[in-house]
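None of the figures in this text is laboratory data; all of them are computed from the coordinates on show. What you are looking at is a predicted structure, and each value in this text was computed from that prediction instead of being measured. Counting neighbours? That spans all protein chains shown, and the Cβs are built from the backbone with ideal geometry, glycine included.
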Amino acid sequence: MTKPKKRINEFLYFALKNKRLRVGLSVVLFFLILALVGPLLTDYKWDDYVGPAYHPPSYEYWFGTTTFGQDVFTQFILGLKASFLVGIIGGGIGTLIGVLVGFTAGYHGGMIDEFLNMLTNIVIVIPTLAILLIISVYLKVRGVLIESIFIGFTAWPWAARAIRAQTFSLRSRDFVDLARISGIRPLKIMFTEIAPNMMSYLLMTFILQFGGAILIAATLDFIGLGPTNAISLGLMMNLAVLWGALPLGMWWWFIPPGAAIAAIVGALYLTNVGLDEVFNPKLRKL
Amino acid sequence: MSLKVNNLKVYYQTLRGDVKALDGATFTIADGEIMGLAGESGCGKSTLSNSLILLKPPMRFVGGKVELDNEELPIWDMEKMNDFRFKKISTIPQYAMNAMNPIRKIGKMVSEILKSKKVDFKSTLPELKRRLDLVELSHDVLNMYPIELSGGMKQRMVMVLSTLMNPSLLMADEITSALDVSTQKAVAKMLVEFRDREFVKKLMVITHDISILYQIADSIMIMYAGKLAEKAPTSVIINSPRHPYTKLLISSLPDIGVKYSQKKLTGIPGKPPMLLIPPTGCRFRERCPVAFQKCLNEEPPFVEIKKGHFIACWKEFEKNA
Amino acid sequence: MLELEKISKIYKTGTFGGKKLLAVNKVSFEVKDGEVISLIGESGSGKSTIGKMILGLISITSGTIKLNGVDIATLKGGALKNYYRNVQGVFQDPFSSYNPVFKADRIFRIIREEFFPKIKIDEWNKKIDSSLRAVGLNPDQVLNKFPHQLSGGQLQRFLIARALLLDVQFLVADEIISMLDASTRIDVLNLLAELKSRGLSILFITHDLSLGYYISERSMILYRGGVVEMGSTEQVYYHPLHPYTKMLIASVPRLDKKWEEVEVKLKEKHSELSTGCAYYERCLFADKDKDCAKGPPLIEAESGHFVACSHYMEINESF
């Protein structure tokens with residue numbers, strides 16, 4: 001009789017076989033490598049005046065130049081790096097807060113749950129744009145880090161809700177009751193019994209927060225509320241529109257950043273769908 | 001007119017190969033007959049009932065022939081089966097009471113189902129109301145949401161719906177297991193009533209609870225590990241079974257009047273075989289108290305040893321010879 | 001040994017918790033050493049709620065539960081943990097009782113960490129070995145496996161073995177065999193009976209009357225949170241006095257005789273808190289003038305046989 005394959009091997013098998021996961025992950029990895037390796041391919045800084053203005057893509061300037069004669073390719077590469085940073089930091093913070101809040105609310109229920117729910121709802125309802133405008137008045141110089149922190153602290157409610165629902169459903173399972181009549185304290189049960197079951201869920205939540213953070217950052221940058229001392233993909237698009245790239249037909253300035261954001265975020269969501277199929281045996285096609 | 005199943009084989013596709021869940025079922029249900037299908041988990045009874053009405057992946061049709069009222073059922077073709085489903089063959093699946101759309105009023109759900117089968121709701125309404133009376137449901141349920149009904153009420157509603165078009169064959173898969181004892185009795189008796197009034201011509205009642213079958217079934221078919229073990233009239237199966245598995249199964253059932261201190265019942269040691277690579281010969285031989293050499297080498301065929309009594313057991317064939 | 005006195009559980013439902021759901025209504029009974037008592041009821045009877053209150057999983061709204069004279073509501077911390085040395089439970093769904101990410105014997109390791117932190121490995125392994133054999137399992141076949149690699153019957157016996165690792169005196173068995181196959185059911189049932197003969201007390205919660213008859217000395221019939229009849233198993237099954245009990249026994253599918261033609265009123269969706277007899281709406285003998293509307297107490301009809309019906313004598317005469 002064949003020995004059942006180890007769980008981790010079974011997981012890898014399905015992961016590699018899943019088309020969506022393969023495609024999504026490849027696209028993300030491609031851009032990630034580009035962001036890491038890219039700075040080596042260019043000697044310029046993003047705001048250097050390197051050559052003729054309005055220049056379409058050519059051999060010397062792969063992505064052409066802006067209205068000021070800056071290298072679009074350099075901007076693109078550095079912008080990618082900024083976007084990934086926002087994704088990881090902003091998404092990471094959002095996931096962390098969301099998990100803590102959701103977990104606690106879901107496990108304890110009762111008054112703690114009511115209170116945390118209220119907190120979550122307040123944060124959702126707060127007009128983040130207005131707050132950001134106010135912040136931008138006081139902080140003249142903003143970096144990618146501040147932006148990431150801001151996004152993390154305002155995007156967590158969605159993660160919290162999902163985690164809370166999942167915790168609730170796990171909490172009422174018999175094995176948690178069994179742990180309780182074994183004398184284990186509630187905090188220990190949360191970490192030793194419930195958390196391991198949610199690993200896949202946590203991973204997928206992080207991916208969603210990651211993608212979401214990139215998207216939010218791009219939007220904020222586009223309307224000028226982004227970092228003041230660095231370039232990002234959204235800022236590129238902002239500058240492009242601001243300086244007339246559209247009527248001047250300078251597609252090389254605004255299409256690459258937009259396409260990159262769409263590709264990365266889309267690929268992340270695709271990866272998530274693929275992961276769902278991998279983790280949930282019922283969705284697998286043979 | 002009858003249901004004739006001939007050597008039906010349906011396997012489950014898995015990563016490691018085909019699981020031979022239903023490996024050659026041959027039997028007949030005559031008009032007016034209520035046949036009980038019993039066996040333990042993994043014996044193939046749900047596979048059998050599901051394959052007759054909705055054979056979809058991971059199930060795979062491997063071979064065999066199914067004839068309902070002298071018409072072949074193309075069970076391997078999901079599209080073609082649409083013409084038969086609900087009108088000629090119908091089912092009340094397990095957990096049917098949870099299968100109703102929670103945000104639809106019941107009357108609306110019924111009309112949508114009928115519409116999809118190209119049946120006019122208005123003209124069917126009087127008959128629908130008559131059936132509701134029969135199962136003691138008030139006509140108001142058509143205006144209610146599923147959540148407003150109790151488990152038993154939902155089950156009765158599903159029964160009415162499944163039999164509305166007077167199907168020739170009705171399959172009821174574990175419809176009483178989630179119900180209270182009193183509702184169980186009412187629902188089981190309703191099945192008999194449906195047959196008596198000819199709303200359905202043939203009934204296949206699938207359950208692991210043999211005592212319910214004793215109460216309502218005309219004949220009982222016992223399955224084990226994807227094969228048919230024994231089929232006979234109810235009283236024969238309960239009082240004088242011949243297959244070793246059936247004998248052990250019947251004697252392991254507690255009944256009111258049997259106390260541990262007076263008569264200790266015994267179960268069947270061991271486990272059913274894995275059907276990925278089924279054992280050669282008779283699938284029950286490892287746990288059978290009377291197995292001998294032939295059981296190891298050759299698979300016993302499902303044969304009629306007495307009028308209406310079918311069995312697959314080499315030992316019993318010897319006795320008959 | 002275990003005493004329940006007027007135990008009640010009230011849930012607050014509806015918006016702002018305005019409505020009340022009386023899940024358990026002033027239930028009192030006691031279980032002696034080495035006794036198996038069946039708690040029989042259908043869905044909504046409150047039987048599982050009582051089991052969970054005994055195990056400390058659900059809070060008690062009013063009333064007291066005492067183990068050997070000590071009120072369990074007063075137990076906290078170390079004393080509560082001690083309680084779990086003596087009182088354990090096994091639940092209905094064997095597959096849900098195990099954390100699917102871990103191996104099945106992790107439940108033993110948890111017991112060791114929580115209750116025997118200083119025990120030596122050899123001694124512990126011997127303990128596990130004897131526990132597993134006591135429940136009829138072969139250690140080589142069941143150790144080091146994931147839950148999905150074992151059968152339902154094996155998993156339930158595993159859980160009983162876990163309880164035996166402690167000094168358990170009282171076991172709450174909540175529908176433990178309803179999800180098992182017919183051939184494995186009887187093995188687990190026999191196991192419980194054997195353990196009883198070694199001094200274990202069991203509260204056998206079930207909806208299946210034939211199972212209750214097989215192993216218990218005393219039986220209690222529960223309906224919508226209240227005890228309607230209580231007595232020795234023979235008394236309750238062969239001389240049922242309460243209309244509900246009679247209806248139950250007449251509805252159980254038997255293997256030796258067909259269903260009697262007894263009129264049964266089916267249960268509709270019911271309302272929450274009701275004063276008076278809980279069975280009033282379905283009772284064929286309900287009478288507005290008599291105590292039915294007030295809520296009959298448990299009356300001792302014959303020695304040890306209690307019934308919650310004020311005019312049980314007239315009802316039974318007509319039978």
**Asked** Which FRET efficiency value, to the nearest 0.05, do you get for B:SER177 and A:VAL241 by plugging their Cβ-Cβ distance into 1/(1 + (r/R0)^6) with R0 = 45 Å?
**Response** 0.10
**Item:** Sorted by Cβ density within 10 Å, fewest first, the residues B:CYS288, B:CYS295, B:CYS43
**Value:** B:CYS288, B:CYS295, B:CYS43
**Message:** Suppose we take every Cα in segment A:78-283 and form the convex hull; what volume per residue is that in Å³?
**Reply:** 133 Å³
**Request:** Calculate the mean, over all residues of peptide A:192-202, of how many other protein chain Cβ atoms lie within 10 angstrom of the residue's Cβ.
**Result:** 2
**Fill in**
Per the 1/(1 + (r/R0)^6) rule, R0 = 25 Å and r from the Cβ atoms of B:SER116 and A:VAL23, FRET efficiency to 0.05 is 0.10
**Complete:** Here the FRET efficiency for A:THR228 versus B:LYS56, based on Cβ atoms and R0 = 45 Å and rounded to 0.05, is 0.15
**Asked** Sorted by average packing, counted as other Cβ atoms within 10 angstrom per residue and highest first, what order do C:116-127, B:28-39 take?
**Response** B:28-39, C:116-127
**Message:** Please flag any cysteine in chain B that has no other cysteine's Cβ under 4.7 angstrom from its own Cβ.
**Reply:** B:CYS43, B:CYS288, B:CYS313
**Item:** Max mean-square fluctuation residue, GNM over chain C, Cα-Cα springs under 10 Å, options C:GLY46, C:GLY199, C:GLY304
**Value:** C:GLY304
**Prompt:** Using alpha carbon centroids, what distance separates segment C:119-183 and segment B:85-145, in Å?
**Reply:** 46 Å
**Message:** Report D for chain C in µm² per second (integer): Stokes-Einstein, Kirkwood Rh on Cα pairs, 10 °C, 1.306 mPa s.
**Reply:** 75 µm²/s
**Request:** Report the chymotrypsin sites (Phe, Trp or Tyr not before Pro) located in segment B:214-305 that are in a DSSP loop and have at most 15 other Cβ atoms inside 10 Å of their Cβ, or state none.
**Result:** B:PHE292
**Item:** Fluctuation leader among A:VAL141, A:VAL23, A:VAL241 - chain A, Gaussian network, Cα springs under 10 angstrom
**Value:** A:VAL141
**Message:** Under 10 Å, Cα contacts only: if you run a Gaussian network model on chain B, which one of B:ASN166, B:ASN82, B:ASN70 comes out with the highest mean-square fluctuation?
**Reply:** B:ASN70
**Request:** Only loop residues by DSSP count here, and only those with at most 11 other Cβ atoms within 10 Å; note down the GluC sites (Glu not before Pro) in segment B:180-234 that meet that.
**Result:** B:GLU198
**Prompt:** Going by a ≥ b ≥ c, the root eigenvalues of the Cα gyration tensor, does segment B:97-166 fall in the rounded group (a/c under 1.5), the prolate group (a/b larger than b/c) or the oblate group?
**Reply:** oblate
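Considering only Cα-Cα distances, which of the following residue pairs are longer than 22 Å: B:LYS88/B:LYS202; B:LYS263/C:LYS126; A:LYS188/C:LYS126; C:LYS47/C:LYS145; B:LYS259/C:LYS127; B:LYS247/B:LYS306?
B:LYS263/C:LYS126; A:LYS188/C:LYS126; C:LYS47/C:LYS145; B:LYS259/C:LYS127
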**Request:** Could you sort out which of B:LYS108/C:LYS19; B:LYS185/C:LYS258; B:LYS227/B:LYS307; B:LYS45/B:LYS87; B:LYS4/B:LYS65 sit more than 19 Å apart by Cα distance in this structure?
**Result:** B:LYS108/C:LYS19; B:LYS227/B:LYS307; B:LYS45/B:LYS87
**Fill in**
Cα-Cα pairs in the protein assembly as shown separated by more than 43 Å, as a whole percent of all pairs, come to 47 percent
**Asked** With Cβ to Cβ distances under 14 Å as the rule, what net charge do the other residues near B:VAL119 carry (K, R +1; D, E -1)?
**Response** +3
